[in-house]
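K.L.:
Let me give you the structure first, and then I'll get to my questions.
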Amino acid sequence: MKIAFVGKGGSGKTTLSSLFIRHLAANEAAVVAIDADINQHLGAALGLDEEQAGTLPAMGAQLPLIKEYLRGSNPRIASADTMIKTTPPGAGSRLLRVSESNPVYDACARTVRLDDGDIRLMATGPFTESDLGVACYHSKVGAVELCLNHLVDGPEEYVVVDMTAGSDSFASGMFTRFDMTFLVAEPTRKGVSVYRQYKEYARDFGVELKVVGNKVQGRDDVEFLREEVGEDLLVTVGHSDWVRAMEKGRPRRFELLEAENRMTLQTLQDTAEDSYALRDWDRYTRQMVHFHLKNAESWGNAKTGADLAAQVDPAFVLGEEMADVSDPLPA
């Protein structure tokens, strides 16, 4: 299942997504973690030192490889150069699975060893000097969206994405790629403002959204959040000595995380699993196509010089049953 953590900058979404990833690993789940935030802090939150985090390969830098691999033998895609971030799969496309080995993971993912298991970590990559003043961050995140469009995941597999801060997630259709979106909100007016934006934007797309109240110090904070977000408030999180020690560079074993916070993480997992059971693959594919056609008309056709609407395979519906039927690697 695909899970996003969103929220305003400084809300604690990266910390909570890293805790959730550790929780899943402790439960022996297969996990691909993706840092899609411009600030690139997920690696450090998962225990990588500065040098290790700095040497993570950038997905944005591997976009030609990603496109060529996912294109496969799809006859509707004339060349990898005509693929954009929203290009949907079709007959002949190669699909990604959470637990497999493939050239995309070889180039873009690194194994991170946690206390209770290993996970794959991928990162969009930071701005480079050549990007400054001439590129927007959405071009970096495009590699993530393209991979999510071609990813077939099952109920016991997890793709956890630490999204870019604020409402920038709506600059593309990527916000519809998730079975559950956890919005991390502090008990302040600014903290809930992103929730209101997200709720409004996502309303017409059936996006499953739950709020995780963070930095909660007492009953008044809980009541404030409940007044502001209503039944969307799932759980709240207060101070954690375990997290504070991690932030000081003195990590403790994950099994020592406070019992109350372990229960909170289990609630997140249970909620995500309940949401995945309701996934509608037909709607999921239609939304993918919807945003591709919008992007094609808005800028994609002009940029590539091709009619990108022709890339849509009307008979194709992504689904779990396709786990073993995509185009294989050439001999």
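The values are calculated or read from the model by the stated rules, or taken from the named source; none is laboratory data. Since we're looking at a predicted model, the values are computed, not measured. Methodologically, a virtual Cβ is constructed for each residue, glycine included, from the backbone with ideal geometry; neighbour enumeration extends over all protein chains shown. Only protein heavy atoms, including side chains, enter the accessible area calculation; ligands, DNA and RNA are left aside. Shrake-Rupley method; radii C 1.70, N 1.55, O 1.52, S 1.80 Å.
K.L.:
Could you check the spin-label model distance between TRP299 and GLU28? Points 7 Å from the Cα along Cα→Cβ, value in nm.
P.N.:
Rounded to a tenth, the inter-label distance reads 4.6 nm.
K.L.:
Can you tell me the dipole magnitude for the chain around its Cα centre, using point charges on the Cβ only (Lys, Arg +1; Asp, Glu -1), in Debye to the nearest 20?
P.N.:
Dipole of the chain, to the nearest 20 debye: 680 debye.
K.L.:
Enumerate the residues in the stretch 22-55 having an amide nitrogen under 20 Å from the point lying 7 Å beyond the Cα of ARG252 toward its Cβ.
P.N.:
The answer is 22-27, 45-48, whose backbone nitrogens lie closer than 20 Å to the label point.
K.L.:
Can you compute the FRET efficiency between ASP220 and GLU68 using 1/(1 + (r/R0)^6), with r the Cβ-Cβ distance and R0 = 56 Å? Round to the nearest 0.05.
P.N.:
0.55
K.L.:
What length, rounded to one decimal in nm, is gained on full extension from SER240 through to ASN102, with 0.36 nm per residue of separation minus their alpha-carbon distance?
P.N.:
Gain on extension, SER240 to ASN102, equals 45.9 nm.
K.L.:
Roughly speaking, to the nearest percent, how much of the stretch 16-127's 1.4 Å accessible area is carbon and sulfur?
P.N.:
Reported share for carbon and sulfur atoms: 46 percent.
K.L.:
How much length is gained on full extension from GLU227 to SER193, taking 0.36 nm per residue of separation minus their Cα-Cα distance?
P.N.:
Using 0.36 nm per residue and subtracting the Cα-Cα distance, I get 10.9 nm.
K.L.:
If N is the number of residues in the stretch 178-331, what value comes out of its Cα radius of gyration divided by 2.2 N^0.38 Å?
P.N.:
Relative to the 2.2 N^0.38 Å estimate, the stretch 178-331 comes out at 1.41.
K.L.:
Treating cross-link reach as a plain straight distance, find the aspartates and glutamates whose alpha-carbon is under 19 Å from the alpha-carbon of LYS199, omitting any fewer than eight places away in the same chain.
P.N.:
The reachable aspartates and glutamates, counting only those whose Cα sits under 19 Å from LYS199, are ASP162, ASP168, ASP179, GLU186, GLU208, GLU227, GLU228, GLU231, ASP232.
K.L.:
When the helices in the chain are scored as -39500 (n - 2.57) per DSSP H run of 4 or longer and the sum is shared across all residues, what 222 nm value do you end up with, to the nearest 500 deg cm²/dmol?
P.N.:
Taking each H run of at least 4 residues, the total per residue is -10500 deg cm²/dmol.
K.L.:
A follow-up question, please. In whole Å, what is the distance between the alpha-carbon centres of the stretch 80-97 and the stretch 27-74?
P.N.:
Taking the Cα centre of the stretch 27-74 as reference, the centre of the stretch 80-97 is 18 Å away.
K.L.:
Give the Debye-formula value of log10 I(q)/I(0) at each listed q (0.20, 0.21, 0.26 Å⁻¹), with one equal scatterer per alpha carbon of the stretch 1-64, two decimals each.
P.N.:
Debye curve over Cα of the stretch 1-64, log10 I(q)/I(0) at q = 0.20, 0.21, 0.26 Å⁻¹: -0.90, -0.98, -1.28.
K.L.:
Related question: Kirkwood Rh, the chain, all Cα pairs: how many Å?
P.N.:
The Cα-based Kirkwood calculation yields 20.3 Å.
K.L.:
Also, I was wondering about something else. Would you mind working out the accessible area per residue for the chain, using a 1.4 Å probe, and quoting it in Å²?
P.N.:
Accessible area per residue, the chain: 46 Å².
K.L.:
Give me the three principal axis extents of the stretch 54-124 from the C-alpha atoms, as integers in angstrom, largest value leading.
P.N.:
Sorted largest first, the three principal extents are 45, 23, 17 Å.
K.L.:
Moving on. Relative to 2.2 N^0.38 Å, what does the C-alpha radius of gyration of the stretch 1-156 come to as a ratio? Two decimals please.
P.N.:
Expressed relative to 2.2 N^0.38 Å, the Cα Rg reads 1.05.
K.L.:
Taking 0.36 nm per residue of separation and subtracting the Cα-Cα distance, what length does fully extending MET263 through ASP118 add?
P.N.:
Gain on stretching MET263 to ASP118: 50.1 nm.
K.L.:
For the peptides 43-49, 80-86, what is the packing order when you average, over each peptide's residues, the other Cβ atoms within 10 Å and list the highest mean first?
P.N.:
My ranking of the peptides, most packed first, is 80-86, 43-49.
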